[in-house]
Amino acid sequence: MIVVIPPFRRWAGGSDRDGRDRIDPAMPETTLAAAAIRWYDENARDLPWREPDVGAWAILVSEIMLQQTPVVRVLPAWRAWLSRWPTPAALAADTPAEAIRMWGRLGYPRRALRLRECAVAIVERHSGVVPTDLDALLALPGVGTYTARAVATFAYGQRHPVVDTNVRRFVARAVAGEPDAGPATRPADLVATEALLPAEPVRAARASAAFMELGALICTARTPRCADCPVTEVCAWRASGRPAPTGPTRRPQQYAGTDRQVRGLLLAVLREATGPVPHERLDLVWADAAQRSRALAGLVADGLVELVGDACVLAGDRPG
DNA sequence: TAACCGTGGCG
DNA sequence: TCGCCAAGGTT
């Protein structure tokens, strides 16, 4: 396996004179981490899942909810969810339908289903305690590379690179000098971010939180606030004159007129309903019958909806 | 790898 | 107005 030494190693360790090619545990933490943490100490948002006494379950719930969903919309949903289901066991004992209802309009309702499956798995495999092991976390439904590392890091203080879209963008700019990150997280992104982390685990966790916060508040996708950035002195993107993205811009995902919109409309009706919803009621939400039935079939296949005779209910809802 | 999977707010 | 974006995961 060929290991490519990224150019930021030139200054990542604070010294490049010995030409070292691997991270020395005793090496002082990176310029980026130190500056980011200093900034984070003064500028971090007061988000409830960052409070010191918050448990792993609450952090896991926040991470799932925050997938592709802005913080402001997650805040009330997170409070309501944990108030109702303070433990994995509590959620595991309830129906998918209630989880889907509680999810409200956060979007991507399959996450509600997976979060409940996650709770079931935690009860069955881990005695109701969110596992600490990275591989055990990765094995949970709805938990991928980012979420597993985020929980292991922020809930348990382990030292892992935590790479979300904010961190990818921040590292792509500050370290690689690129105007934006690639569309998906790659192993190389984990390697590049890991190289920036302080050696001490709890401080590494703080660095990860700081990188994420910088990406969310300063090193934003559209209009980066470089004037307020704590690492602007060492930012490779700024040093090269903030070049604009060159390659083909990936087209944004479509929504209007797609099956996803129809699924959303159908599920909104079922969420509000107290009993089984006749097909005639669902017919009202979308004119195209073929697309309507395709969307409904998708909801059923995903386990969000069940057919009860000539009507529909959220999965697990009692027909009567 | 790329398409699929919601929803709402903002520039 | 409407394209773009928001703490991804799954297939």
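The values are calculated or read from the model by the stated rules, or taken from the named source; none is laboratory data. Treat the numbers as computed from the prediction; the structure is a model and nothing was measured. Quick reminder, even Gly has a Cβ in these numbers, built from the backbone with ideal geometry, and neighbours come from all protein chains shown. For accessibility, only protein heavy atoms count, side chains too; no ligands or nucleic acids. Shrake-Rupley method; radii C 1.70, N 1.55, O 1.52, S 1.80 Å.
Close contacts from segment A:137-148, counting a first residue that is more than 13 Å from DNA strand B (Cβ to nearest atom) and a second that is open to solvent by 50 Å² or more (accessible area, probe 1.4 Å) and part of a helix (DSSP H, G or I), with Cβ to Cβ under 7 Å and a gap of 6+ residues or different chains, come to A:141/A:114; A:141/A:117; A:148/A:138.
Listed by first and then second residue, the pairs with beta-carbon distance under 7 Å, at least 6 apart or on different chains, first residue in segment A:34-48 and in contact (Cβ under 8 Å) with a residue 40 or more places away in the chain, second open to solvent by 80 Å² or more (accessible area, probe 1.4 Å) and away from DNA strand B (no atom under 16 Å from the Cβ), are A:37/A:206; A:40/A:206. Of the residues A:282, A:307, A:296, A:267, which is within 16 Å of DNA strand C (Cβ to nearest atom) and not assigned by TED's automatic domain parsing to the domain that holds residue A:105? The unique qualifying residue is A:267. Residues in segment A:59-89 that are farther than 13 Å from residue A:112 by Cα, part of a loop (DSSP other than H, G, I, E, B) and more than 8 Å from DNA strand C (Cβ to nearest atom): A:86, A:87.
Here A:294, A:263, A:206 are screened, and the one residue that is closer than 21 Å to residue A:107 by Cβ, crowded, with 17+ Cβ neighbours inside 10 Å and at pLDDT 95 or above is A:263. Give me a count of the residues in segment A:228-260 that are in a loop (DSSP other than H, G, I, E, B), surrounded by 12 or more Cβ atoms within 10 Å (Cβ to Cβ) and within 11 Å of DNA strand B (Cβ to nearest atom). Residues that pass the stated criteria total 1. Within segment A:97-119, is even one residue modelled with pLDDT of 95 or more, closer than 22 Å to residue A:194 by Cβ, within 19 Å of the chain's Cα centre (by Cα) and outside the structural domain of residue A:210 (by TED's automatic domain parsing)? No, there is no match, as no residue in segment A:97-119 is modelled with pLDDT of 95 or more, closer than 22 Å to residue A:194 by Cβ, within 19 Å of the chain's Cα centre (by Cα) and outside the structural domain of residue A:210 (by TED's automatic domain parsing).
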